[in-house]
Ligand SMILES: C[S@@+](CC[C@H](N)C(=O)[O-])C[C@H]1O[C@@H](n2cnc3c(N)ncnc32)[C@H](O)[C@@H]1O
């Protein structure tokens, strides 16, 4: 399939409701209900009558704050479907309960001792904890997340596991609190699907990489091979909760083209096939390898 052959898929902008395209959705209530229309609001447990629309990013942050306080995530994949028992050994149960990835970026790329690694949207920190063991005492792992409650959880886990090479920061990955050109590997696990403007995040990813650096991104996509999902086929659009659930609304090839246009030298993509969300939903996951430079420094021999 050619780069510009989208087989009738609608563009991301067209997928998003008008208010979502403008970055605005309805405010979620205390039980996590996020009505996008008045009709939907009527079905919420405590539908706010007088609250105006708030940015998608606010909805997403509140959703993850609430999950962290609740101590369990219903979103995305269970870590037992992504990692081996050995990798999960000694990780606190409450981190596993909150883990919400859709792949394993660090296993896809392999980490080396001494590397500086940043996790964009680190959540409760599972990937930070595993990565910290791999880069060792001479390496460094930085987590960035917009949810203060998730950051607290990740900091507590690092402290309890005695991992001193982890630094977790509250921040927006579109303007990450990380020095430009300072990072060997950016990993991101099931996060970019939350952004109506993914290119903005991808530019920020490229900016923090040092020469020779690579970004490894696990995300939900629509398969190039299969039929379009029912909502896309029906011309329906993504809502706030779709963003919180990381529904990207892009095919694999659309995603690859987007990454290539975001300041990287070269891009590889691997389809990871269907993965199961905790709530039983089946989605297609892909691993994107985005190299800062034209000639990726792959290990020889
Ligand atoms: C699906 S969870 C994935 C968490 C983690 N990567 C994992 O595998 O468990 C998405 C995470 O992205 C974070 N997030 C959402 N928008 C963000 C933003 N603008 N900046 C930083 N983090 C954000 C959320 O708070 C949440 O922790």
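The values are calculated or read from the model by the stated rules, or taken from the named source; none is laboratory data. None of these values were measured; they are calculated from a predicted model. Positions of Cβ are backbone-derived with ideal geometry, glycine not excepted, and every protein chain shown enters the neighbour counts.
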Margin query: Please pick out the residue among 140, 179, 174 that is free of Cβ contacts under 8 Å to residues at least 40 places away in the same chain, closer than 18 Å to residue 263 by Cα and more than 16 Å from the ligand (Cβ to nearest atom).
Written below: 179
Checklist line | Matching residues, the stretch 231-264, being crowded, with 16+ Cβ neighbours inside 10 Å, in contact with a helix residue (DSSP H, G or I) (Cβ under 9 Å, 6 or more places away or on another chain) and at pLDDT 85 or above | finding: 254, 255, 258, 259, 262, 263, 264
Checklist line | Residue in the stretch 176-192 that is modelled with pLDDT of 95 or more, closer than 25 Å to residue 75 by Cα and assigned to a loop (DSSP other than H, G, I, E, B) present | finding: yes
Notebook entry, point to check: residue 219 is checked against (1) modelled with pLDDT under 90; (2) crowded, with 20+ Cβ neighbours inside 10 Å; (3) assigned to a strand (DSSP E or B) and fails just one. What number does that condition carry?
Noted result: (1)
Check: Could you list, in sequence order, the residues of the stretch 150-160 that are within 13 Å of the ligand (Cβ to nearest atom) and either assigned to a loop (DSSP other than H, G, I, E, B) or buried (at least 20 other Cβ atoms within 10 Å of the Cβ) (or both)?
Finding: 150, 151, 153, 154, 157
Next item on the list: Mind counting the residues in the stretch 161-171 that are surrounded by 15 or more Cβ atoms within 10 Å (Cβ to Cβ) and either modelled with pLDDT under 95 or more than 10 Å from the ligand (Cβ to nearest atom) (or both)?
Entry: 6
Margin query: I need the full set of residues from the stretch 80-107 which are over 24 Å from residue 184 (Cβ atoms) and either near the ligand (Cβ under 8 Å from one of its atoms) or within 14 Å of the chain's Cα centre (by Cα) (or both), in order please.
Written below: 98, 100
Item checked: Conditions (1) in a helix (DSSP H, G or I); (2) over 23 Å from residue 175 (Cα atoms); (3) within 13 Å of the ligand (Cβ to nearest atom): number failed by residue 75 -> (1)
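Here's a check for you: in the stretch 108-129, which residue that is more than 22 Å from residue 273 (Cβ to Cβ) and part of a helix (DSSP H, G or I) is farthest from the chain's Cα centre (by Cα)?
Step one: list which residues in the stretch 108-129 are more than 22 Å from residue 273 (Cβ to Cβ), which gives 111-125, 128-129.
With part of a helix (DSSP H, G or I) added as a condition, the list becomes 128-129.
Working: 128: 14, 129: 17 Å.
The extreme case among them is 129.
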Next item on the list: Keeping to the stretch 181-190, report how many residues are surrounded by 21 or more Cβ atoms within 10 Å (Cβ to Cβ) and touching a helix residue (DSSP H, G or I) at 6+ places or on another chain (Cβ under 8 Å).
Entry: 6
Margin query: Anything in the stretch 112-134 that is more than 11 Å from the ligand (Cβ to nearest atom) and touching a strand residue (DSSP E or B) at 6+ places or on another chain (Cβ under 6 Å)? List them, or say none.
Written below: 115, 116, 117, 118, 131, 132
